[in-house]
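S.K.: Take this structure, written in structure tokens, and hold onto it; I'll ask about it next.
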Amino acid sequence: MTAVVSPNLGKELFSPPSDGISNLRFSNHSDLLLVSSWDKSSRLYDASTNVLKGELIHGAPVLDCCFHDDSSGFSACADNKVRRLVFNYTREDVLGSHDAPVRCVEYSYATGQVITGSWDKTLKCWDPRSASGQERSLVGTYAQPERVYSMSLSGNHLVVATAGRHVNIYDIRNMSQPEQRRESSLKYQTRCVRCYPNGLGYALSSVEGRVAMEFFDLSETGQSKKYAFKCHRKSEAGKDIVYPVNAIAFHPIYGTFATGGCDGYVNVWDGNNKKRLYQYSKYPTSIAALSFSRDGKFLAVASSYTYEEGQKSHEPDAVFVRYKKPQISPSSFCLFTALGDSILDSSIRFFTDFKTRMATFELYRRSTIGMCLTETLDHMVSNGYLNPELAIRVLIQFDKSMTEALETEVKSKVSIKGHLHTYRFCDNVWTFILQNAQLKSDEGTETIDSVKIVACDSKLLTQ
């Protein structure tokens, strides 16, 4: 089965893995991308030039990978082995082994150690500088409550997520015992954990379409900041379809983050303001892994079926690399601010007027058609087919056309009655949150726990 690939998905890398992609990671020093796969390979790409620079074939599927430097890295394999990869010499060395498949691997630049997590319910630390042989390179073994599913390292914080919804938090300078032992705030199996770039906490995703934002600070103030939200879901025939959230990746500069799910979508979020910035066009199949480059210019997306629906025909595995001239910053939910760095000086007066009306204009831009239009315009501007000012004018016309169409073409009416919980007025936009709301239409009556209504003066949209 072959899908027609939209140009909005990014640049598809040549020579992709032939089986499921388990992970991908950008180097901390360049635009090199390391990709691990169930086809037993570790591949090294130059993402900026779309060149496969090296490939190593192991004796078993590769479940995770990480960089050491631009010419070497480490892999975690299903044959229980931890391998050092040396692409310059097309060579691999066995650093050591576990008693079961090795699921996760991280390299600490602070300590110079490799940390691995396995389904044998242990973490192990290795010193790759030691002489060959497992006994000489193994630094320590640390028991875990269950099989290790995901792991993330930021500074001296190591977060380990295991089966049974356990989360252990270590200071890698003292691995003798966890600093904190927690239970996931999500009710179902953990899929991915990633530390915040600022080192203050971590995001954790589950198989039931949720992400939890957690903080290391155990004080009442620190814990009051944590929250969880639903994502990667859709309603179909009156039923909610929930997809696992397989991947989380943080922008290294702005702290915004992307999530990828089995629905084939990548969403970008502003965690501080608790809102989705935008959603990319749908990829051919499940999103298995995500990674931002060191400067945030590139986002690598692994489109690879993760067998959430069992064995079935599926689209080929592929790696896409999205290039953004601007960074994915918290203000990038609006096309103008996302492309702000490329706006000419002659557009500044236009921007001033536009920004004061931004809140009113974005009412329909988060609809499916609005997202598709914004993504297409973004692609055209990034590739030089359209200048930014014209793209903004297209969006403004879209807002006006949506308002006119809803006013003249939609005949159905709905009345809403409920308890007013929150009311806000800002920049000519009213926001109401009603609880125990009753919706009445010609088709019947429905009661829901909470409804959010966003409204504005339609005259402002036609000016």
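The values are calculated or read from the model by the stated rules, or taken from the named source; none is laboratory data. This one's a predicted model, so the numbers in the text were calculated from it and none came from an experiment. As a convention, Cβ positions derive from the backbone with ideal geometry for all residues, glycine included, and neighbour counts pool all protein chains shown. Remember, those area values only see protein heavy atoms, side chains included, never the ligands or the DNA or RNA. Shrake-Rupley method; radii C 1.70, N 1.55, O 1.52, S 1.80 Å.
S.K.: Please enumerate the residues belonging to the range 286-316 that are polar (S, T, N, Q) and either modelled with pLDDT under 90 or open to solvent by 20 Å² or more (accessible area, probe 1.4 Å) (or both).
M.R.: Listed by number, the residues that qualify are 306, 311, 313.
S.K.: Of all residues in the range 168-195 being open to solvent by less than 20 Å² (accessible area, probe 1.4 Å) and either hydrophobic (A, V, I, L, M, F, W, C) or within 17 Å of the chain's Cα centre (by Cα) (or both), which is farthest from residue 267 (Cα to Cα)?
M.R.: Within the range 168-195, the subset open to solvent by less than 20 Å² (accessible area, probe 1.4 Å) is 168-170, 172, 175, 178, 184, 186, 190, 192-193, 195.
In the following step, the residues that additionally are either hydrophobic (A, V, I, L, M, F, W, C) or within 17 Å of the chain's Cα centre (by Cα) (or both) were identified as 169, 172, 175, 186, 190, 192-193, 195.
Working: 169: 27, 172: 31, 175: 35, 186: 19, 190: 19, 192: 15, 193: 16, 195: 18 Å.
Across the range 168-195, the extreme among qualifying residues is 175.
S.K.: Please state which of the following conditions residue 382 fails to meet, knowing it meets all the rest: (1) crowded, with 17+ Cβ neighbours inside 10 Å; (2) under 30 Å from residue 8 (Cα atoms); (3) at pLDDT 80 or above.
M.R.: Status for residue 382: all satisfied but (3).
S.K.: Here is a follow-up. When the range 67-79 is examined, which residues are found to be open to solvent by 30 Å² or more (accessible area, probe 1.4 Å) and not small (Gly, Ala, Ser)?
M.R.: Those that are open to solvent by 30 Å² or more (accessible area, probe 1.4 Å) and not small (Gly, Ala, Ser): 68, 69, 70, 79.
S.K.: Can you name the residue in the range 390-420 that is open to solvent by less than 80 Å² (accessible area, probe 1.4 Å) and not in a helix (DSSP H, G or I) and is also farthest from residue 369 (Cα to Cα) among such residues?
M.R.: Result: 418.
S.K.: Among the candidates 80, 50, which residue alone is modelled with pLDDT of 95 or more, within 24 Å of the chain's Cα centre (by Cα) and at positive phi? Write out each step before concluding.
M.R.: Details: 80 fails: within 24 Å of the chain's Cα centre (by Cα).
From the options 80, 50, the qualifying one is 50.
S.K.: In addition: Within the range 214-224, is there a residue that is outside any loop (DSSP other than H, G, I, E, B), under 28 Å from residue 297 (Cα atoms) and open to solvent by less than 30 Å² (accessible area, probe 1.4 Å)?
M.R.: Restricting attention to the range 214-224, the residues satisfying the condition of being outside any loop (DSSP other than H, G, I, E, B) are 214-215, 220-223.
Checking the rest, the ones that are also under 28 Å from residue 297 (Cα atoms) come to 214-215.
Going one step further and asking which of them are open to solvent by less than 30 Å² (accessible area, probe 1.4 Å), we end up with 214.
Within the range 214-224, one or more residues are outside any loop (DSSP other than H, G, I, E, B), under 28 Å from residue 297 (Cα atoms) and open to solvent by less than 30 Å² (accessible area, probe 1.4 Å).
S.K.: Surrounded by fewer than 20 Cβ atoms within 10 Å (Cβ to Cβ) and small (Gly, Ala, Ser): does that describe residue 118? Steps first, answer last, please.
M.R.: Values: surrounded by fewer than 20 Cβ atoms within 10 Å (Cβ to Cβ): no; small (Gly, Ala, Ser): yes.
No: the conditions fail for residue 118.
S.K.: Whether any residue in the range 344-365 is modelled with pLDDT under 95 and within 23 Å of residue 191 (Cβ to Cβ) is what I want to check. Before the answer, list the steps.
M.R.: Of all residues in the range 344-365, those modelled with pLDDT under 95 come to 344-365.
From the residues that got through so far, the ones that are within 23 Å of residue 191 (Cβ to Cβ) too are none.
So far as the range 344-365 goes, no, none of its residues is modelled with pLDDT under 95 and within 23 Å of residue 191 (Cβ to Cβ).
S.K.: Select from the range 263-285 the residues that are outside any strand (DSSP E or B) and either in contact (Cβ under 8 Å) with a residue 60 or more places away in the chain or open to solvent by 10 Å² or more (accessible area, probe 1.4 Å) (or both) and list them in ascending order. So that I can check it myself, show each step before the final result.
M.R.: Narrowing the range 263-285 to residues outside any strand (DSSP E or B): 263-265, 271-274, 280-285.
If the condition is that a residue be outside any strand (DSSP E or B) and either in contact (Cβ under 8 Å) with a residue 60 or more places away in the chain or open to solvent by 10 Å² or more (accessible area, probe 1.4 Å) (or both), then 263, 265, 271, 272, 273, 274, 280, 281, 282, 283, 284, 285 are the ones that fit.
S.K.: Grab the strands (runs of 3 or more DSSP E) fully contained in the range 125-205, keeping just those with 2 or more residues being under 26 Å from residue 112 (Cβ atoms) and at pLDDT below 95. Quick ask: steps written out before the conclusion?
M.R.: Numbers: elements: 138-143, 148-154, 157-162, 166-171, 180-183, 190-195.
It comes to 138-143.
S.K.: So which residues in the range 234-247 are surrounded by fewer than 15 Cβ atoms within 10 Å (Cβ to Cβ) and either modelled with pLDDT of 95 or more or not in a loop (DSSP other than H, G, I, E, B) (or both)? Give the steps one after another, and end with the answer.
M.R.: Just the residues of the range 234-247 that are surrounded by fewer than 15 Cβ atoms within 10 Å (Cβ to Cβ), to begin with: 234-241.
Correct list: 234, 235, 236, 239, 240, 241.
S.K.: Between 82, 159, 148, 139, which is of a type in the set (A, V, I, L, M, F, W, C) and open to solvent by 50 Å² or more (accessible area, probe 1.4 Å)? Let's see the steps before the verdict.
M.R.: Details: 82 fails: open to solvent by 50 Å² or more (accessible area, probe 1.4 Å); 159 fails: open to solvent by 50 Å² or more (accessible area, probe 1.4 Å); 148 fails: open to solvent by 50 Å² or more (accessible area, probe 1.4 Å).
Of the residues listed, the single one that is of a type in the set (A, V, I, L, M, F, W, C) and open to solvent by 50 Å² or more (accessible area, probe 1.4 Å) is 139.
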